[in-house]
Structure formats: C-alpha cells, structure tokens
C-alpha cells in the first residue's frame, strides 16, 4: 500500500468519513425530537449580521426561542454556582502535564499522553456524572458538540491542506530574503493557521540559510512571527481565536487586532533585520551558491485552503437555524462548515502527490496529539467555564474580583499562555469577562455586549493569548514543531530555558510592555 | 620526546604584563611556545588567587626552552611595573571535558569523525557516545516532541598542553559541543 493509499483509504475512508456520515445521520434522525430548550427548524435562526448585531427582523417566534435558549443557558450557569473549586484540579492537572512531561519525561510522555489525557478526563467526568447525572451529560455533550469537534475538524483540515503544499528550490539566505520569508509567513499565518504556515515555510527558510553558521536567531524570529504573532488576524490563525469564533465572536472582529499586531511585527522586523545583518556581515560568503528555482508543489491545495476560509466565513455570516441533537442546539451553518472542512481535507488527500507528503514528513501524529489532549482539556475545562459563567455566584469569583483592568487580562492571559496551552487559557479568561460583566445573559448577547461595551477586555485576552504563546516552546504547538525540524536539520536551538532567557525576555517582553502602554493602559 | 612546559604565575596588571611580554617576544622573534591565560580558556581560580596573592595575577604557560628568557624579562621589567613571580611549576599536561548532543544525522556523523580522528599527542578518556534511533518517534510532534535520532556523548581530552589547546580551539568551532575550560596537570 502506498503512502496516499494508506492516508486516504485506511485512515479516512475507513475511519473518519463513516464517523462523519454516522454523525450527520444521527443528527438528521435525532433532530426531529423536540428538546427542552425548544427545537428549531432550519431557517428559523437568530439573524445577525457579520458584526454579530441582532437584526431588527426578529419575529415573535424567534424571540420566544431565544428567550428559551437564554433560560437554558441560565440553567447551565447554575451548575457553576454549585461546583466546588477543587473540581478544576483535573484541568490544572492536564495543563501542567502538557507543560511539564515533554520537558522532564519526553519519551514516556510521547508514548502515554493519550492515557494521561484520559486519566484527567475520567477523574473529573466520573464524579461529575455521578453527582449531576443528566445535567452533566448535557454539559459534556454541549462541550464536545459545540467546541471540541469543530475545533478538531478545523485544525485537521488546515493541517491536511497545508501538508499538501511544498515549496521547492533554494535561495541564498540574506537579511533581505529572510525578511521576505518572515513577512510572507506572518501574513500567511492568519489565513492558514500558525501551524500550517510554519510547516510550509520552515524548510525553505532552513535551506536558504544552510550555508550560514549563525542561523539560530532566524528560527527564533520565525517562531515569534510565523508560529505565533502572525496568527492574530483571523479565527483561522490561532486556535484561541477560533474558540472565540465558536463562542460568537464575529469572524472579522479579529481584524481590530491589526494595530497591536502591526506594532509588534514592525518592531520585530526592524530588530530582526538589524540582528541578521550583523551576523550576515560576519559570515564567510560561499564563492558559488547553487540556487534552485523556487516553485510551489501541490499548488492546487490553495483552492482547498480558500475553501476552508470560505467555509469558516460562511458559518460566521450565514444564519441557517438550528437542529437539536440530544438536547444540544447545533447551528446548521456550523454543521455545514464542518462538513465542508472535512471535504476540503479529503479532496486534498485524494489529489495531492504522495511525494509532497513525504517531503513534508506528513504524518497524523500532530493531529492525534491535538485530538487526544484536547478531548481531555475540553472535558476538564467544564467546571472552570461553568464557575466563571456563574459570575460572582461561582467559586472562581476571586479571579473576577482580582482582575479589574484590560491590562490585567492581557498579562495574566499572556503569562499563562506562555506555559499552558493558549487555547484553554483564552477560553478561561474569555468566560471570566463574560461572567464578570454579563453573567446570566445568553452567550451570543453577552459576546455582543462585550464587544460593544468592553471590547478592550476581549482585545487584551486575544492579544495576550496569541502573542505570548511565543514566550516558550510550550506556549503554542508549532513552536515545538519548528524547534524539532530545525534540530533535526542540524541547527543548534536554545534549550527550553535558553529560549526564554536569551530571546523571549530580552526581545519580546519590552515589546509587550510597549503594547501595554500603547493599547491597554 | 614531549616538549616540557612550565606555568608561571605573575602578579601585576594583566594588560601591562601582556603588552610588555608580547613586545619582548616580538623583539626576540619568539613566535610560539608561550600562552597567556588571558588569551585562552584556561581554568583558573581568579577570585581565590586575587585574594591569596592580594592582586591580579596572570598565568603564563611556556615551553622549557623559552622559560629562562621569560623569567629574565619579568625580573628585568621596570620597577614601577611591579611584576612579581608568585609561583612556578612544571606542567605534565592539560585536559578538559566536553559534552555534545544532536538530533541531526549529518551533524552526528561529523561529530563521530571529530572524535575518531583526534590529533597526535591527545588522548580521549571516558568517552561515552550514545547513539539512539527510535523509529516510532519519526515525524513532527507539537505536544509530545521526541526525535527519532539522537547522538550524545561526554568525555575528556588530555595530553600535551599545546596540542590540547589547539584541539580545544578546533572543537570550539562546533556549536554542538559544549566545552569546559582547560585544566593544567602537574
């Protein structure tokens, strides 16, 4: 069986595709059952424009359904007032496991991380189900249907399609060329995800600089810009922003982060150019350099990438109504989006030359990691989210009380995102502000109100989560990927602490202080 | 027959001493056989020596053939230079420890070559290279990073002072090798 066959026939056609068909069939079958929260027929949905504001065209029926949903949401937050604070221990446990095991027991972690994730999930889910029964089932299903599956499907689609693109050829690395690479990667990161852009460009960048002795800084700035900060502009860019999008933050809202990103990026470019020029001058230039013309293989995958962008955009702009599955209301446009994302990925796999996947060292392991670990994260995050949604009635009210200004949110989200995964960190503080200012309000309205009245808080959380993922190797998944690829190609990379002490602290932290002074003071 | 070396510990301003002795060596057309601690990664106990000798000291390593001339130069230096020989002893050799780690097969091969083709007059002691190939770790990981190939090692290099120093300089060019400073053997 060749590589393409193994990818297409074994993994997808035999596993993922039937699961998806089964899910759709299940949804179709179950959607006819009425739910407590009020079932909706397609087309009856809450109408909102791309900025998320409610249209004046709501009729009485829609208003009633919305009211029912708000009631349902209020019911949900009641559980947050009952949960004791120690129920967040499994959440802390799984985040610390992800942060610490790769550093202190990498081999063991590599082989056993799914069990660790399952362990923390069961530790929470067992007692939760035993005590809250049906209500707990509802919360778990809600989390997986609304957050987990769409999250994994998007990452899978972006990973698959970007894995079908390969840039061939070699250029001679110079400060100007490296700057062009970084600029291109930074722009691309917002549209194909930081992981996709990193995987696409890291090898061409390394090939171009292969002749140079000092190239560690190139990879470090690549991690800063392409693997992290570049992903600030759209929900496709970085997982935290997609989670925001899943929670009704409008697709184009992230464009309001452009000034924050612009300031960081411009200053980092200037710094990089100065540093790279300094090292470049010290290099002994080769007399001859074998340049190979650059060309993109698998370029047709750009069409699938545009399909992904279009699908996500469609789900943010079009309101097609709801179907209710097991008491969980699912937006039809979101289901359609997920189906299209799967389709884009499958088409990419079917049409991409297997050699491109080989050249990209494409395997499913990174997606398995995300799927297993986030299955645990999304399970264990339930109590934290519910407590935060309960506002001052929840056990985490001390967080809301101690965090008052946007600047607090910027730094606390950022610093925690440096050491814990930035997606759950974002979700935690996103719910903190919702709980602080709009507790008990249906989420869609709460998010709209948040944007209208307390936008700076959301900006601070978004920017903190995305930017400060660059502080350490464990802040964002592509950081480790880029580091591994560079090390295996013979580039000396700084150690875990070396990265932070030599690069993040002296370069990024002054810039974060500047961002604070300019935007969040 | 191995060249005999001596270590001379001289108290006095380091910059002045180096400038003075370099001038002396140039005048005498002595181009090799003298090494200053300020110009090579020599393990010295700087603070302890400063306290012990109540001032700045420089370690001078010189061949036996140059030693009388050097001593004479220090002793005949102008009085206001305040150079003073504090200690003089014969050196039997020098050594340093090293360690390396790489996840690149290409770099691994180069490291293997480096430590199998060591220069004459240098010994490799306690050399422990560990090469590991782990096929199940092949590919890219984001949350559970592991390399499918690794080559790491530790060891000690010892031998004639000048050869050890040259070898140290050569290894220092390789960014994957971490080197300790050179210790003198008496």
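Report those strands (runs of 3 or more DSSP E) wholly inside the stretch A:268-359 carrying at least 1 residues which are farther than 22 Å from residue A:181 by Cα and modelled with pLDDT of 95 or more. So that I can check it myself, show each step before the final result.
Numbers: elements: A:292-297, A:322-325, A:328-331.
Counting at least 1 such residues, we get no strands (runs of 3 or more DSSP E) at all.
Determine, yes or no, whether residue A:482 is buried (at least 22 other Cβ atoms within 10 Å of the Cβ) and away from chain B (no Cβ under 14 Å). No. If you go through the stretch A:90-111 and keep only what is part of a helix (DSSP H, G or I) and more than 23 Å from the chain's Cα centre (by Cα), you end up with A:104, A:106, A:107, A:108, A:111. Is it the case that the stretch B:101-112 has a residue that's surrounded by 14 or more Cβ atoms within 10 Å (Cβ to Cβ), modelled with pLDDT of 90 or more, out of contact with any helix residue (DSSP H, G or I) (no Cβ under 8 Å at 6 or more places or on another chain) and not in a helix (DSSP H, G or I)? Yes: one or more hits.
Is it true that some residue in the stretch A:126-139 is surrounded by fewer than 19 Cβ atoms within 10 Å (Cβ to Cβ), assigned to a loop (DSSP other than H, G, I, E, B) and away from chain B (no Cβ under 14 Å)? Yes: one or more hits. Candidates B:117, B:170: the one that is within 14 Å of the chain's Cα centre (by Cα) and away from every other protein chain (no Cβ under 14 Å) is B:170.
Which residue, of B:98, B:115, is surrounded by 15 or more Cβ atoms within 10 Å (Cβ to Cβ) and not in a helix (DSSP H, G or I)?
B:98
For the subset of the stretch A:168-191 comprising residues that are in contact with a helix residue (DSSP H, G or I) (Cβ under 7 Å, 6 or more places away or on another chain) and more than 20 Å from residue A:264 (Cβ to Cβ), which member is surrounded by the most Cβ atoms within 10 Å (Cβ to Cβ)? So, considering only residues that are in contact with a helix residue (DSSP H, G or I) (Cβ under 7 Å, 6 or more places away or on another chain) and more than 20 Å from residue A:264 (Cβ to Cβ), the one surrounded by the most Cβ atoms within 10 Å (Cβ to Cβ) is A:173.
Listed by first and then second residue, the pairs with beta-carbon distance under 8 Å, at least 6 apart or on different chains, first residue in the stretch B:126-146 and within 10 Å of another protein chain (Cβ to nearest Cβ) and more than 19 Å from residue A:473 (Cα to Cα), second part of a loop (DSSP other than H, G, I, E, B) and at pLDDT 85 or above, are B:134/B:146; B:134/B:147; B:134/B:148; B:136/B:148; B:138/A:363; B:138/B:148.
Take the conditions in a helix (DSSP H, G or I) and either touching a helix residue (DSSP H, G or I) at 6+ places or on another chain (Cβ under 9 Å) or at pLDDT below 90 (or both) and apply them to residue B:162. Does it pass?
Numbers: in a helix (DSSP H, G or I): yes; either touching a helix residue (DSSP H, G or I) at 6+ places or on another chain (Cβ under 9 Å) or at pLDDT below 90 (or both): yes.
It is true that residue B:162 is in a helix (DSSP H, G or I) and either touching a helix residue (DSSP H, G or I) at 6+ places or on another chain (Cβ under 9 Å) or at pLDDT below 90 (or both).
For the stretch A:110-117, indicate whether the set of residues that are crowded, with 19+ Cβ neighbours inside 10 Å, free of Cβ contacts under 8 Å to residues at least 12 places away in the same chain and within 13 Å of chain B (Cβ to nearest Cβ) is non-empty. Taking every residue of the stretch A:110-117 in turn, at least one turns out to be crowded, with 19+ Cβ neighbours inside 10 Å, free of Cβ contacts under 8 Å to residues at least 12 places away in the same chain and within 13 Å of chain B (Cβ to nearest Cβ). Restricting A:399, A:381 to residues that are closer than 30 Å to residue A:109 by Cα and crowded, with 17+ Cβ neighbours inside 10 Å narrows the list to A:381.
Considering only residues that are within 14 Å of chain A (Cβ to nearest Cβ) and under 20 Å from the mean Cα position of the chain (by Cα), which ones fall in the stretch B:67-104? Spell out the reasoning first.
Step one: of the stretch B:67-104, the residues within 14 Å of chain A (Cβ to nearest Cβ) are B:99-104.
Passing the criteria: B:99, B:100.
The condition of being surrounded by 20 or more Cβ atoms within 10 Å (Cβ to Cβ) and away from chain B (no Cβ under 14 Å) does not hold for residue A:339. If you go through the stretch A:196-240 and keep only what is out of contact with any helix residue (DSSP H, G or I) (no Cβ under 7 Å at 6 or more places or on another chain) and outside any helix (DSSP H, G or I), you end up with A:210, A:211, A:212, A:213, A:215.
Kindly provide the set of residues from the stretch A:386-414 that are assigned to a helix (DSSP H, G or I) and in contact (Cβ under 8 Å) with a residue 60 or more places away in the chain, ordered by number. Write out each step before concluding.
Pass one, the stretch A:386-414, residues assigned to a helix (DSSP H, G or I): A:386-389, A:391-393, A:397-402, A:406-414.
If the condition is that a residue be assigned to a helix (DSSP H, G or I) and in contact (Cβ under 8 Å) with a residue 60 or more places away in the chain, then A:386, A:387, A:388, A:389, A:391, A:393, A:406, A:407, A:410, A:411, A:414 are the ones that fit.
The values are calculated or read from the model by the stated rules, or taken from the named source; none is laboratory data. Nothing here was measured: the structure is a model prediction, and the numbers come from that model. Neighbour counts are summed over all protein chains in view; Cβ atoms, including those assigned to glycine, are modelled from backbone coordinates with ideal geometry.
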